[in-house]
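Report on the following structure.
Just so you know, all these numbers are worked out from the coordinates, no wet-lab data involved. In this text, all values refer to a predicted model and were calculated from it rather than measured experimentally. Cβ sites come from the backbone with ideal geometry, for glycine too, and all protein chains shown count toward neighbours.
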Amino acid sequence: MSDKYYYRYATKDDVDLIYNWANEKEVRANSFNSNEIKYEDHVRWFDRILSDKEHNVQLILMCDDTPVGQCRLSIDNRQATIGLSVDKNYRGTGVGNALISNICEWVRENRPDIKTLIGQIKPENEASAKAVINSGFVETYRNYELKL
Ligand SMILES: CC(C)(COP(=O)(O)OP(=O)(O)OC[C@H]1O[C@@H](n2cnc3c(N)ncnc32)[C@H](O)[C@@H]1OP(=O)(O)O)[C@@H](O)C(=O)NCCC(=O)NCCS
C-alpha cells in the first residue's frame, strides 16, 4: 500500500457519500445503467450491499483523512467485478491509478480466494481503461481482466 492512500470498509454512515458519488453526472454517464438513482432505491440497495458480505465488498479509498473514491467488489465464486469512481474534485491527478493499484493489492492481501478481477468499461471511458491497464489488466472479450 502507498503511505498516502488506503482502503477502509464502508459503513452505513457512508450512505450519503456513496449516493452523491453514484449520482454524479460523469459516473452515471459511464455506468451501463445511466438512469438517475432515486435516494430511497439507493438506501435499500446500499443496505443490501453492506449485508450481503458473501457477494459484496464496498470500500472507500482514503487519502490521509479524506475520502477520495470508492471501489466495490461484486464477488461471484473466485472472481470479482470491480465498480469504481473517484470524487470529481480529485480526478485527473493520479487517484484513479492509485485506486486500481491499491485494490489489486487489497484483494491479494485480504481476499486471496479471489483469483480474477474484472473491469467492465465502456469503450469511450479512456481514463478507466488506462488506469486498469497500468495495473496489469489485459483486455479480453469480457472487457479487462487481471489474474491474481
Ligand atoms: C475513471 C476514473 C476512476 C479515473 O480516475 P482519475 O483519478 O480521473 O484517473 P487518473 O488521474 O489516475 O488517470 C488514470 C489514467 O487515465 C488518464 N486520463 C485521466 N483522465 C483522462 C481523460 N479525461 N481522458 C483520457 N485519459 C485520461 C491519465 O493520464 C492516466 O493515464 P496514465 O497514468 O497512463 O497517464 C474517474 O475519472 C471517474 O471516477 N470517472 C467517473 C466514473 C467512472 O468512469 N467510473 C468507472 C466506470 S468503469
Query raised in the report: What residue among Asn110, Asn125, Asn134 shows peak mean-square fluctuation when the chain is described by a Gaussian network model with Cα springs under 10 Å?
Result: Asn110
Requested in this report: Consider just the alpha-carbon atoms of segment 5-147 and return their Rg together with their Dmax, both in angstrom.
Outcome: 14.2, 38
Query - Mean separation of Cα contacts under 8 Å (6+ apart) over length of segment 5-147, as relative contact order % - result: 20
Query raised in the report: Taking neighbour Cβ counts within 10 Å as the exposure measure, how do Leu84, Leu61, Leu99 sort from fewest upward?
Result: Leu84, Leu99, Leu61
Query - segment 38-47 - phi-based ³J(HN,Hα) in whole Hz, Karplus 6.51/-1.76/1.60, Gly and Pro as x - result: 7, 4, 4, 5, 4, 4, 5, 4, 5, 4
Requested in this report: Round to the nearest 0.05 the FRET efficiency obtained for Tyr9 and Thr93 when R0 = 30 Å and r is the Cβ-Cβ distance.
Outcome: 0.75
Query - Placed amide H near Asn56: partners under 5 Å, 5+ positions off or other chain - result: Ile75
Query raised in the report: Given springs between every Cα pair under 10 Å in a Gaussian network model of the chain, which of Asp13, Asp87, Asp47 has the largest fluctuation?
Result: Asp13
Report task. Choose one answer from Arg44, Arg108, Arg72: the residue with the largest mean-square fluctuation in a GNM of the chain with alpha-carbon springs under 10 Å. Result -> Arg44
Report summary line: Sequence order, segment 94-106: Karplus ³J(HN,Hα) from phi using 6.51 cos²θ - 1.76 cosθ + 1.60, θ = phi - 60°, Hz rounded, Gly and Pro as x, gives x, 5, x, 4, 5, 4, 6, 5, 5, 6, 4, 5, 4
